[in-house]
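A short reminder: the numbers here are calculations on the coordinates, not readings from a lab. Fair warning: this is a prediction, and the values are worked out from it, not measured in the lab. Glycine also receives a Cβ, built like all others from the backbone with ideal geometry; neighbour counts cover every protein chain displayed.
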Amino acid sequence: DIVSSTDLLFLAPGNETDPQDVNMVGSTGGPLLLYTYDNSANSWSSITLETEINWSPYFDMVVAVSARHTDNHTIVALSKGDTSNPTTWTLKVYDVTNGTTFAVKTDVYTAQATRAGIGMLVHLNGNIYVAYVTTGASPNLGQYYKKSTDGGTPWGAEIKLDEGDSGAELVWIACGSGLDGCRLYGIWDDGAILRLLGNYGTSVEIPTGLLT
C-alpha cells in the first residue's frame, strides 16, 4: 500500500517526459505530499510540496489539482491559512514537472481574510484559472477568480463570479466547449439557501481559435 484508506487524494496523469507515469497529491493530515508512480521502474516515490496545509479535514475544499496538457505538468493549488486568524490565508500554486522537481509560483493572493473553497481549471491552451471564496464585509463577500497566461507568474485582475453577496463555502469552475469555442463557467454552493448557483453573465468566453 502507498497510502492508508484515510488519506485524501487527487490523481493527475503523466509528467513532462513520460505520460505513462502518474502523479498523486495527498495529505495524511500534516504536509501536502506528491506521490509519483514511475511506470518504467514500477515503483512509487514521494516528496513534500508544503510542510503544513492546515484545515486538513477539509482537504477537498483547500486543494485543487489539474493536468496541463501543453507540457504534461501537474498544477496544484492550495489555500493555506490559520482558522484562528482569518487574515492569514494565502492561495499558493505549484508547478510539478515530475516526481522530484516542482516550482512554487506566484501566490494568487497573500495574507487575506478568506474561507476555504477553491477551484481550478487549466485550459487546453495552458492558461490557468483559479476560483476562490472570500469572506468579510459587503461588497467583498463572494466568489472570484484570477487568470494566469504565463504558468502562474503573474496573475491577472480579480474578477467576481457572482453579482451579489452570498454565504458560499465551495466553488467549482469548468470549461464547456462547442463549435463556437469554450465558455468558462463558475458554480458555487450557497450555504444560506442550500442551492448550487451559477451566473452566465459573468462567465468567460474563450474563442474557438484558442482550443487548438
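Given the Cα-Cα distance of THR149 and THR28 and 0.36 nm per residue of separation, how much length would full extension add, in nm?
40.3 nm
Applying 0.36 nm per residue to the separation of THR48 and ILE159 and subtracting their alpha-carbon distance, the gain on full extension is 36.8 nm.
A simple spin-label model places pseudo-atoms 7 Å from Cα toward Cβ; at ALA41 and LEU124 they are separated by 3.5 nm.
Stretching PHE10 away from THR101 to a fully extended chain increases their span by 31.0 nm, per 0.36 nm per residue minus the current alpha-carbon distance. Computed from backbone phi with θ = phi - 60° and the Karplus coefficients 6.51, -1.76 and 1.60, the 3J(HN,Hα) list for the range 148-160 is 10, 9, 9, x, x, 9, x, 10, x, 5, 6, 10, 7 Hz; x is used for glycine and proline.
Taken one residue at a time, the phi angles of the range 39-47 give Karplus couplings (6.51, -1.76, 1.60, θ = phi - 60°) of 5, 5, 8, 6, 8, 10, 9, 8, 9 Hz. Gly and Pro are set to x. Listed by chain and number, the lysines whose C-alpha is less than 16 Å from the C-alpha of LYS80, apart from same-chain residues fewer than 8 away, are LYS92, LYS105.
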